[in-house]
Amino acid sequence: MRSTERRTTRTTRTLVGVLAGLSLVAAACGNDDSSEDTVGTDAPASTEASAAPNAPAATDAPGATDAAADEADMADVPERVVSLSPTHTEIMFAIGAGDQLVAVDEFSNYPPEALELPNDLSGFEPNIEAIAGFEPDVVLIGGDFSGVGEQLAAIDIASWDGPAAATVDDTYAQITQLGELTGHVDEADALVASMQEDLEALIASTPVPAEALSIYHELDPTYFSADSTTFIGEIYALFGLRNIADEAEGSGGAFPQLNAEFIVSTNPDMIFLADTKCCGETVVTVSARDGWGDITAVQNGAVIEMDDDIASRWGPRVVDYAAAVAAAVTTAAG
């Protein structure tokens, strides 16, 4: 399915990506206003097949139309996929398309099966020759900031770009698109439905404090954070939490670098550490910071050590992150 034909899906908002993190925390941060793929079809991004022009006439035997459409779809399904994004690697396995992967990037460490694949590729500084060596039908990109898609197209290798999500709906859309791309539409739809159901259940079962609890989300020990316009910020907002990064002044954008004085003065009720793996931050290290012992979150034991990987990826495990947030809110509200 090596085709240079392009299908471009425009999103309705700018997709700002920090959830693959900041370079300071061995993650990636980016900006994109489109989600583009070059997978050899001009069909719109939807779960309905667009095989109608080639479909048999209505007089054909029952089921013939569906069979022809399925056969046409299968002809375009990539057999060899390279993923340069940990998030998309997770999605591929979650929708049952893991066996189509032939190589992944160096940070694709989940699920465990991903580690059984060649995993020396870089998603930040892609090596076109190394990628081409795996003879992929399509390459999955998590935000094309280096022009790798055009470089791949020049050697007749298709690519699909799913930049960092800005909302949970963006995540659902990417799961759906990857399901269409890989021939796992039903599995992708089922995954989205399951995630929606689980998130709704978590929100419904989590107590709502009389007064909104304030939170500080830490990306690294230099106090980079994420406000409510980001993907991770939306997760906190789903539980009615007030993000202190929204109050930060300056030009830090969606991912402002706060300072210790500001954090201490805003006195957050909860602190979520997304720098436990990268930087070794813990309840103990935070409590030892000058002046932080007076913060309500520290005094009440509401400093929550999160998994950096789950916090920085916008795939299926967003539900796991939300569950951790829900548990922390339940404890704090009690």
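The values are calculated or read from the model by the stated rules, or taken from the named source; none is laboratory data. The model shown is predicted, which means the values in this text are computed figures rather than measured ones. Every residue, glycine as well, gets a Cβ built from its backbone with ideal geometry; the counts of neighbours run over all protein chains shown. Areas reflect the complete protein model, heavy atoms only, side chains present, ligands, DNA and RNA absent. Shrake-Rupley method; radii C 1.70, N 1.55, O 1.52, S 1.80 Å.
The set of residues in segment 126-156 being touching a strand residue (DSSP E or B) at 6+ places or on another chain (Cβ under 6 Å), touching a residue at least 60 places away in the same chain (Cβ under 8 Å) and open to solvent by 40 Å² or more (accessible area, probe 1.4 Å) consists of Asp144, Phe145. Tyr236 passes every criterion in (1) over 23 Å from Asp198 (Cα atoms); (2) in contact with a His (Cβ under 8 Å, 6 or more places away or on another chain) apart from (1).
If only residues of segment 78-125 that are of a type in the set (A, V, I, L, M, F, W, C), at pLDDT 95 or above and in a loop (DSSP other than H, G, I, E, B) are counted, the one that is most open to solvent (accessible area, probe 1.4 Å) is Phe107. Residue count for segment 286-306 under the criterion of being under 22 Å from Val325 (Cβ atoms) and either in contact (Cβ under 8 Å) with a residue 12 or more places away in the chain or among the aliphatic types (A, V, I, L, M) (or both): the result is 14. For segment 287-334, filtered to residues that are within 23 Å of the chain's Cα centre (by Cα), acidic (Asp, Glu) and over 21 Å from Leu213 (Cα atoms), the residue that is surrounded by the most Cβ atoms within 10 Å (Cβ to Cβ) is Asp308.
Residue pairs whose Cβ atoms lie under 7 Å apart, separated by 6 or more positions or on different chains, with the first residue in segment 250-277 and more than 24 Å from Ala322 (Cβ to Cβ) and the second assigned to a strand (DSSP E or B), are Gln257/Phe224. Screening the candidates Ser146, Ser159 for the property of being among the hydroxyl-bearing types (Ser, Thr, Tyr), out of contact with any helix residue (DSSP H, G or I) (no Cβ under 8 Å at 6 or more places or on another chain) and not in a helix (DSSP H, G or I) yields one hit, Ser146.
This table checks each residue for (1) farther than 27 Å from Gly143 by Cβ; (2) over 16 Å from the mean Cα position of the chain (by Cα); (3) surrounded by fewer than 22 Cβ atoms within 10 Å (Cβ to Cβ).
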position: Ala173; (1), (2), (3): no, no, yes
position: Gly183; (1), (2), (3): no, yes, yes
position: His217; (1), (2), (3): no, yes, no
position: Ala248; (1), (2), (3): no, yes, yes
position: Thr276; (1), (2), (3): no, yes, yes
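All but one of (1) out of contact with any strand residue (DSSP E or B) (no Cβ under 6 Å at 6 or more places or on another chain); (2) under 17 Å from Tyr223 (Cβ atoms) hold for Arg317, so report the exception by its number. Arg317 satisfies all of (1) out of contact with any strand residue (DSSP E or B) (no Cβ under 6 Å at 6 or more places or on another chain); (2) under 17 Å from Tyr223 (Cβ atoms) except (2).
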